[in-house]
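Let me begin by presenting the structure, written as structure tokens, before commenting on it.
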Amino acid sequence: PHAPCDVGNNPDSLLTTWRRWVDAYNPDVVVYVARGETFDQEVGGQWQNLGQSSFDGYLANRFRQAVAVLGSKGAAVVLAATPYYDSGSAPTGGPWPEDDPTRVQIDNATMRTVATSTPAAANGSRVYVFDLNAAVSPQGRYSPTVGPVNVRCADGVHFTQSGGIFVGLKLAPELAALGLAHASATPGGAWPGPLPPSTPTWFSNLPCQ
């Protein structure tokens, strides 16, 4: 709800913020994970959504702009595939539109298309997709658990602490491998001040326990 995600009337302000962060921190790897693509969005004064050709094209272009900024100093850019969600019933009695599995599938197909069609940049940056959906959605549908691990909160959206560990153990080795070349060639910038806590302050308010 706040900056940099609240872009007001200037959608490019998010890219401007990301560019400033990349210039300051010179990251080895950047991970993009979000849910916003699956929501209805107002574009050019009209509400649109995934599955409409105009919005699908708009989203693909936004992803291309994003990876160009995030990889502008040579970092590997990892797009985390959107997982399935089950956030309950909308006021109409049916599921929320953003929980539609078809939207998730289109979103992830768009990420893969962008990743495969984006050539390695002159600075060595490349784009990858981490299949977060496959990792946490057994049998190709939403599930609060993966085997014995409770991975999702009761809100059907957020990850539990055990789910975060489950995903992190799969993702962290890949990130370390992807970042080695850039880390050796171009030492990273400094993070300003202390690192944020690994568990955000609002986590205890979620229905995750």
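The values are calculated or read from the model by the stated rules, or taken from the named source; none is laboratory data. Only a predicted model underlies this, so the values are computations on that prediction, with no experimental measurement involved. Methodologically, a virtual Cβ is constructed for each residue, glycine included, from the backbone with ideal geometry; neighbour enumeration extends over all protein chains shown. Note: accessible area is taken over every heavy atom of the protein model, side chains too, but ligands, DNA and RNA are not part of it. Shrake-Rupley method; radii C 1.70, N 1.55, O 1.52, S 1.80 Å.
Before moving on, here are some points about what is shown:
- Breaking point among (1) surrounded by 16 or more Cβ atoms within 10 Å (Cβ to Cβ); (2) closer than 22 Å to Val69 by Cα, for Asn150: (2)
- Test: residue in region 89-99 that is assigned to a strand (DSSP E or B) and in contact with a Ser or Thr (Cβ under 8 Å, 6 or more places away or on another chain): yes
- Checking each residue in region 91-112 for being closer than 23 Å to Glu174 by Cβ and in contact with a helix residue (DSSP H, G or I) (Cβ under 7 Å, 6 or more places away or on another chain) picks out Val104, Asp107, Asn108, Thr110, Met111.
- Checked against the criteria, Arg103 does not count as touching a strand residue (DSSP E or B) at 6+ places or on another chain (Cβ under 9 Å), of a type in the set (Lys, Arg) and not in a loop (DSSP other than H, G, I, E, B).
- In this structure, Thr82 does not qualify as open to solvent by less than 10 Å² (accessible area, probe 1.4 Å), under 23 Å from Gly8 (Cα atoms) and touching a helix residue (DSSP H, G or I) at 6+ places or on another chain (Cβ under 9 Å).
- Just so you know, in region 15-49 the residues that are of a type in the set (Lys, Arg) and in contact (Cβ under 8 Å) with a residue 24 or more places away in the chain include one that is nearest to Ser184 (Cα to Cα), and it is Arg19.
- Leu169 vs. criteria in contact with a strand residue (DSSP E or B) (Cβ under 6 Å, 6 or more places away or on another chain), modelled with pLDDT of 95 or more and either of a type outside the set (S, T, N, Q) or open to solvent by less than 30 Å² (accessible area, probe 1.4 Å) (or both): no
- Exactly one residue out of Ala183, Ala190 is closer than 30 Å to Ser125 by Cβ, at pLDDT below 85 and either among the hydrophobic types (A, V, I, L, M, F, W, C) or crowded, with 16+ Cβ neighbours inside 10 Å (or both), and it is Ala190.
- Restricting region 87-109 to residues that are among the polar types (S, T, N, Q) and open to solvent by 20 Å² or more (accessible area, probe 1.4 Å) leaves a set whose member that is farthest from Ala66 (Cα to Cα) is Thr92.
- Residue that is surrounded by the fewest Cβ atoms within 10 Å (Cβ to Cβ), among those in region 26-65 that are assigned to a helix (DSSP H, G or I) and among the hydrophobic types (A, V, I, L, M, F, W, C): Ala60
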